[in-house]
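*Asks:* Dumping the structure here so I can ask a few things about it.
Read-outs throughout are calculated quantities, based only on the coordinates presented, and are distinct from any laboratory measurement. As the structure is a prediction and not an experimental result, all values here were calculated from the model. Counting neighbours? That spans all protein chains shown, and the Cβs are built from the backbone with ideal geometry, glycine included.
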Amino acid sequence: MKMTAELSIYPLREGYKEAVKGFIAALLDEHAIVAVTNSMSTQISGDDSDVFNAIQSALRESYERFGRQVLVAKFIPEHFADIGPEA
């Protein structure tokens, strides 16, 4: 099933910009998803397994590198946003 997720991460530390950028980079690294990022959130679309795997992998890596964080996520099942460079 296709899905779109909207993600916002809030690092509980000083130097939060590095942590946010690190989370986004890990999220997009080698995953079969498309994404768009703005100043408030990152939206990713793809097959549900790819979306969940990307989030799990990025969150684990981000926690290991940057410590405690809060992740706010909204999911829209059966939805694929036509986002990314070709949109």
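*Asks:* Going through the stretch 25-66 one residue at a time, which ones are surrounded by fewer than 16 Cβ atoms within 10 Å (Cβ to Cβ), of a type in the set (A, V, I, L, M, F, W, C) and assigned to a loop (DSSP other than H, G, I, E, B)?
*Replies:* 32, 40
*Asks:* Give the residue, chosen from 21, 17, 74, that is part of a strand (DSSP E or B) and either in contact with a helix residue (DSSP H, G or I) (Cβ under 7 Å, 6 or more places away or on another chain) or surrounded by fewer than 18 Cβ atoms within 10 Å (Cβ to Cβ) (or both). Step through it out loud before you land on a result.
*Replies:* On the way: 21 fails: part of a strand (DSSP E or B); 17 fails: part of a strand (DSSP E or B).
After applying the criteria, what remains is 74.
*Asks:* Only one of (1) touching a residue at least 60 places away in the same chain (Cβ under 8 Å); (2) under 9 Å from the mean Cα position of the chain (by Cα) is not met by residue 24, so which one is it?
*Replies:* Among (1) touching a residue at least 60 places away in the same chain (Cβ under 8 Å); (2) under 9 Å from the mean Cα position of the chain (by Cα), the lone unmet condition for residue 24 is (1).
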